[in-house]
Structure formats: C-alpha cells, structure tokens
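The values are calculated or read from the model by the stated rules, or taken from the named source; none is laboratory data. The structure displayed is predicted, hence computed values, not measured ones. Cβ atoms come from the backbone with ideal geometry, glycine included; neighbour counts cover every protein chain shown. The protein model used for the area step is the full one, side chains on, heavy atoms only, and it has no ligands, DNA or RNA in it. Shrake-Rupley method; radii C 1.70, N 1.55, O 1.52, S 1.80 Å.
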Amino acid sequence: MLLYPGMTALDVVGPQGLLAGLAPNTLYLVAQAVGPVPSDTNLILIATTSFADCPADLDVLFVPGGDGTAAQMRDAATLAFLRDRASQARWVTSVCTGSLILGAAGLLRGYRATSHCCARDTVLPLLGAIPVDDRVVFDGNRVTAAGVSAGLDFALALAARLRGEDYARTAQLVAEYAPKPPFEAGSPTAAGPTITRRAQAILDTLTTEARKAAASTHQ
C-alpha cells in the first residue's frame with residue numbers, strides 16, 4: 001500500500017482494516033523512505049517499508065488518492081516504482097484519485113476505470129483510461145474505486161476475489177458495515193446543484209492540478 005505526503009488517510013485505512021487479515025505479516029505500507037508520512041488532514045501514517053526494500057513480486061499493489069495526487073503524478077521515483085511492481089503484481093489497484101497516479105504511470109491505458117467524481121470524466125481520459133461511473137470497477141487485473149468511502153466496497157470486492165465471498169461477508173459483518181447515511185448526498189445527482197457547487201469549490205485545486213499533471217504526461 002503506497003503512502004505519500006498529502007494522501008487521504010481513509011483511502012488507506014479503510015481498505016487496510018478490511019484486508020490486513022489476508023496478509024498479517026506481509027502487508028507493506030510503502031513510501032520512498034521509512035517513517036512518518038502526513039496525510040492531507042495532517043493525520044500521520046507510518047511507512048514500514050521503503051521503495052528499495054519492497055518485495056518485487058506482489059499479490060496486490062494499492063494506491064490511495066488525496067490532495068497530494070498531482071505531485072505524485074509528476075514524481076519520477078513514485079511512477080518508476082509503480083511501473084516496476086505493477087509488471088509482476090497480481091492485482092493493480094487504487095481508491096479515489098489514486099487511479100490518476102496509476103494513469104500517470106501508464107498503467108490504465110486502455111482500461112476501464114473510475115476515480116473520485118471530481119476527476120473521473122475530466123482527467124482519466126487524458127491518461128488513456130475509459131471512465132466508468134461506478135463504485136468499484138474491475139478490468140483485467142486492474143481494480144479502481146470511486147471517492148474515499150468506496151475504499152470499503154473495494155476492499156470487500158477484492159477480498160472476495162482473493163479468499164471467496166464467505167470471507168468477504170464475514171469481514172463485512174465484523175466491521176458491521178451496513179451503511180445508512182443520514183443524508184442522500186453522496187453523488188452530484190443526489191446532492192443537487194447547490195451542494196455540488198460547494199463540493200466542487202473544495203475540490204477545485206485538486207482537480208485543476210491533476211488535470212495539469214495529466215496533460216504534462218503527454219509532453
């Protein structure tokens with residue numbers, strides 16, 4: 001699981017919490033260097049493994065999204081690491097705008113994929129991906145999930161592929177994951193135009209910088 005400055009902590013922690021039981025001693029939190037990595041809300045996660053020490057042969061390669069997405073889309077070391085490990089990984093995966101980082105590494109070209117709705121239809125095509133409006137999208141060994149909260153759905157869907165549906169259903173019950181949100185505002189259509197404009201204003205910098213980073217990959 002990739003960590004980088006400005007990631008969204010829940011993109012990592014949600015899937016990690018549901019998938020950790022599949023790899024109790026071999027789930028690596030990887031960054032360029034071992035040590036603390038600040039999230040985009042300043043919650044700090046600890047990288048336990050460096051790029052150099054990460055095993056070459058992985059079952060799952062995972063990339064979170066977050067405000068630091070655009071910087072990672074331009075980071076040569078990160079992109080080289082992802083290309084190298086993806087070449088042997090059984091599954092190449094992401095949550096939220098993590099798919100844009102995979103795309104910047106050239107790993108989603110020609111694949112159906114999703115991302116946070118703020119960037120799905122505008123940025124993914126610049127990276128050669130085919131945008132899909134869905135919570136979790138499987139295409140070959142690529143698995144991408146929509147914004148932040150979709151990481152839980154992603155983890156359960158992937159767990160079912162790795163260990164079977166009974167395992168995934170058990171993990172869902174242990175987490176008591178039976179969402180009943182207090183508001184129907186989890187998509188632009190459900191939220192309506194006023195709330196959508198407010199959300200877009202918050203996400204504008206992320207979207208704009210990601211679009212610029214995507215455009216630069218073709219220069």
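Where both residues lie in the chain, what percent of DSSP beta bridges are antiparallel, nearest 5?
Expressed as a percentage, antiparallel bridges in the chain total about 40.
Once R0 is set to 35 Å, what does the formula 1/(1 + (r/R0)^6) return for the Cβ-Cβ distance between Ile44 and Arg161, expressed as a FRET efficiency to the nearest 0.05?
Between Ile44 and Arg161 the formula returns 0.65.
Give, in whole angstrom and from largest to smallest, the semi-axes √(5λ) of the equivalent ellipsoid of region 132-206, with λ running over the eigenvalues of the Cα gyration tensor.
So the three semi-axes of region 132-206 are 28, 16, 9 Å.
Modelled label-to-label distance, Gln88 and Thr189, 7 Å Cα→beta-carbon offset: nm?
About 4.3 nm separates the two model spin labels.
Helix check for the chain. Which DSSP H runs span at least 30 Å along their own axis by Cα, with a mean Kyte-Doolittle hydropathy no less than -1.0?
Span-like helices here: 193-216.
By how many nm would the segment from Ala199 to Leu173 grow when fully extended, if each residue of separation counts as 0.36 nm and the alpha-carbon distance is taken off?
Result: 6.2 nm gained on full extension.
Just to be sure I understand, if you calculate percent of Cα pairs over 29 Å apart for this structure, which of (i) 33; (ii) 30; (iii) 20 do you get?
The value matching this structure is (iii).
Using alpha carbon centroids, what distance separates region 1-52 and region 167-200, in Å?
23
Roughly speaking, to the nearest percent, how much of region 112-219's 1.4 Å accessible area is carbon and sulfur?
Carbon and sulfur together cover 55 percent of it.
Determine the shape class of region 85-164: with a ≥ b ≥ c the square roots of the Cα gyration tensor eigenvalues, call it rounded for a/c under 1.5, and otherwise prolate if a/b is greater than b/c, oblate otherwise.
oblate
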